[in-house]
Amino acid sequence: MDKREAVRVPVRVRAQCRADEVVIDGTVEDISSSGVFFTATQMLHPIAPDTTTELALDLPGESTLRLPAKVVRVEHAPRKGMALCFVGETERSRRPLANFIMRWHAFH
């Protein structure tokens, strides 16, 4: 059974994950109003679970959206990446994300 609160849609969106002095450029592979799965070809310094990060999303049709997130888990195989959940944001600050998800879901 899937425990997710929100509908997750597959995407390929450029993103950057930042925690302390670590910055990782990568791609968001799936997204929902509550979180994302972030992949990077070079996860030289993976960010540990429970770390608070800032995720910068380059959403098509929107300006770069910066959201605080927390690392839920780190995967090494079969894909390298991190599951992130959004934290500390209000509905108003997530509105561009919700609009993007609705548009993407409607056309794909």
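The values are calculated or read from the model by the stated rules, or taken from the named source; none is laboratory data. Everything quoted here is computed from the prediction, not taken from an experiment. Heads up, the Cβs are rebuilt from the backbone with ideal geometry, glycines too, and the neighbour counts pull from every protein chain shown.
For beta carbons closer than 7 Å, sequence separation of 6+ or different chains, a first residue in region 61-75 that is over 14 Å from PHE38 (Cβ atoms) and modelled with pLDDT under 90 and a second that is assigned to a strand (DSSP E or B) and of a type in the set (A, V, I, L, M), the qualifying pairs are THR64/ALA56; THR64/LEU57. Applying the condition of being aliphatic (A, V, I, L, M) and in a strand (DSSP E or B) to region 52-71 and asking which residue is surrounded by the most Cβ atoms within 10 Å (Cβ to Cβ) yields ALA69. Looking only at residues in region 83-108 that are exposed (fewer than 14 other Cβ atoms within 10 Å of the Cβ) and of a type in the set (S, T, N, Q), the one that is modelled with the highest pLDDT is ASN99.
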